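Heads up: the structure comes next, in C-alpha cells.
The values are calculated or read from the model by the stated rules, or taken from the named source; none is laboratory data. Not measured: the values here are computed from a predicted model. Cβ atoms come from the backbone with ideal geometry, glycine included; neighbour counts cover every protein chain shown.
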Ligand code: HEC
C-alpha cells in the first residue's frame, strides 16, 4: 500500500472533486485517472485508517478500539460506512474537538494564548470554539453580543468604554481584539483582519465583490502621490468604505460613543491634524460631507447596508457573497490538514481552490453544502468527513 506516500499529492490534486463531476487524480506516475468519487469503493482497512487520521488531526487522540474493530470487521461496505459515520459523529459531538478549534481561532485571530495571559484575551477564540461545539452557525461568531470564557460559559463582553450590547459584534468588538488591531486614526488594520478572516481576501481584493469609492470621493492622499509609484487607491478605494463601522471609537478601543459628532476621528479619522475641510473623506465636488451625508458611502457592497457600527459591519459581512465560500474554504483547510493562512499576523489567506475551473467548482459545491446545513461548521464537518470525496483523499482508490 503506497497510500501514505502519495497522500499529500492526492490532497493537493483532489480539489477538483465535485459530487456530480468526474475528477482527475494523478497516480504519481504521470498518468491521470478519471474517477467519480461516488462510484468508488473503499476497503474496511481504508475506512479505519481514515478514521484514525481524522481523530488524530482533529481530536488529537485515537478513536476507540471498538469503533475501529466495528469498521474493520464490518460484513460489507455499507456496514463499514455506517460504523465509520457513527464514529465521526462521536468525534464531532464530543468535547474533544474543542482544543483543535480553540487552537485554530487563537492562530487565526492572533489574539490570546492558551497557556498565558488573561482569560479575557481568549474570549474571541473561545467564541469560535463555542460556535463549533454547540453546532451554531458561523454567523454567531460575528454577531454574538456576549463572550465565552475558558469554561465555555456565556459571559458579558461589555467593558468600560466599549460598545453597548446593541452594537456588539461577536469577536470583532471584544476588548482584546480591538485593543490589538485598532488604530483609530486609520482603522485599516481592523479592516484588513476582518476581511482576511471572513472573506478570505486581501488588498487589493481582486475577484471579490466590493463597493469601491472613485477618485473624486476618496481623500486626495490616495490619488496624489507625486513621489510614489504606488497606486494607493487600488486597495484603499475598497478598504476605506468599511471603516465607517468604527467611527464611534473616538480615540481608542475604549472610547466608544453612541452619539458621534464630526470632528477629530470622525469619518476622516486619519485627517484630524490635516486642517482644511477638503482633506476629509468622502468628498463630493471637492468638499467634505457631513456625518449624515457621508454615511451612504460607508458600505461594503453597492446595494449593501450603511455601516454605522461594528454590528452593521457584521451584518453586512454575513450576507456578502464571499462570506460562505470563505468559511467553507477555511473549514476544508482544517479537515484536509493544509495551510490555513495566518490573517492574525499578516495578510496570508488560504487560497487552495482557485487554480482551475474544476477546483472552483469543488469549492462552490462544498459552499452549497455549507449553506444547506445552515452554515453550521459542526454539521459541515460531518457532511464532508463522511463523503467519498474525503475518503479518497487518504489513498489512491486503485490501491484499495
Ligand atoms: C496593496 C494594497 C495597498 C496599497 C497599494 C496601499 N495600501 Fe495602505 N493599507 C493597506 C492595508 C492592507 C492596510 C492595513 C494595515 C496593514 O496592512 O498592516 C493599510 C493601511 C494604511 C494606513 C493605515 C495604517 C494603520 O495603522 O491602520 C494608511 C494611512 C495607508 N494605508 C495609506 C496608504 C497610502 C497613502 C498608500 C499609497 C502611497 C497606500 N496606503 C497604499 C493596503 C494598501
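Numbers for the structure displayed
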{"read-out": "Residue 289 being within 16 Å of the ligand (Cβ to nearest atom) and either over 26 Å from the mean Cα position of the chain (by Cα) or at pLDDT below 85 (or both)", "value": "no"}
{"read-out": "Residue tally, condition assigned to a helix (DSSP H, G or I) and near the ligand (Cβ under 9 Å from one of its atoms), over region 171-201", "value": "9"}
{"read-out": "Residue check, residue 111 within 16 Å of the ligand (Cβ to nearest atom) and more than 30 Å from residue 222 (Cα to Cα)", "value": "yes"}
{"read-out": "Residue among 156, 166 that is farther than 21 Å from residue 105 by Cβ, away from the ligand (no atom under 16 Å from the Cβ) and surrounded by fewer than 18 Cβ atoms within 10 Å (Cβ to Cβ)", "value": "166"}
{"read-out": "Output for region 223-281, where each listed residue is within 14 Å of the ligand (Cβ to nearest atom), part of a helix (DSSP H, G or I) and at pLDDT below 75", "value": "269, 270, 271, 279"}
{"read-out": "Residue list for region 332-388, filter: part of a helix (DSSP H, G or I) and under 20 Å from residue 109 (Cα atoms)", "value": "332, 333, 334, 335, 377, 378"}
